[in-house]
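J.: This is the structure I want to talk about, given as structure tokens.
Read-outs: derived from the displayed coordinates by stated rules, not from any lab. As the structure is a prediction and not an experimental result, all values here were calculated from the model. Don't worry about glycine lacking a Cβ; one is built from the backbone with ideal geometry, like all the others, and counts go over all protein chains shown.
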Amino acid sequence: MSRMRKDLSLAQKLEILDKIKLQPLGCITRRLLEILEVSKSTIARIQLQEQFLREQALSQVTTQKRKREGKDADVDEALIQWFTLATSWGVQMSGPILKAKSEDLARKLGNDEFKVTNGCLSRWKVRYDIKFKISHGEKASANSECADEWKLTKLPQILAKFSFDDIYNADETGLYYPATPDGFL
């Protein structure tokens with residue numbers, strides 16, 4: 001047999017066991033070995049492990065977590081659409097902003113008693129794989145159009161008054177060590 005399977009998954013092993021059960025008692029034909037693409041010793045090993053394999057498959061089914069839904073699916077959908085649009089515009093998000101917006105959207109959808117807890121908000125972030133990240137330095141507030149215009153018009157005028165030996169950029173140094181970190185929830 002030239003094409004032997006090396007590592008079989010649990011599902012493949014169970015499939016092999018099920019196909020063997022369909023064969024007459026104690027009869028494993030060459031044709032079956034060719035179809036399964038495994039050796040006779042592999043089949044013997046799988047048969048010895050049958051009880052363990054079936055228990056393992058059963059435990060995987062019972063330990064899978066269920067997908068948790070939100071309090072209101074319409075509010076969830078509206079909030080993710082709003083969040084996607086707002087972040088595409090560069091709006092910085094925080095937990096309180098999302099809570100307020102979701103309650104506002106709920107009111108607009110006719111659910112006046114909708115309240116968002118911290119747990120509800122954290123599960124919503126997990127459901128939609130949302131992670132708040134901090135934008136550092138100029139990256140958070142850069143306006144490239146104004147920066148290009150300033151660089152071409154104002155900067156040459158300012159630099160004309162200085163020698164290149166007098167110019168020092170301290171942005172990435174430890175001079176700012178006592179500054180408080182910026183960030184969002």
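J.: Say each of residue 107 and residue 19 gets a label point 7 Å from the Cα, pointing the same way as Cα to Cβ; how far apart are those two points in nm?
T.: The answer from the label model is 6.3 nm.
J.: When a/c reaches 1.5 or more, the comparison of a/b and b/c decides; with that in mind, is segment 72-115 rounded, prolate or oblate per its Cα gyration tensor?
T.: Note, shape of segment 72-115 comes out prolate.
J.: Points 7 angstrom from Cα along the Cβ direction at residue 161 and residue 45: gap in nanometres?
T.: 8.0
J.: Okay, moving on. Note the full-extension length gain between residue 128 and residue 81 as 0.36 nm times their separation in residues minus their Cα-Cα distance, in nm to one decimal.
T.: Here the segment from residue 128 to residue 81 would lengthen by 15.8 nm.
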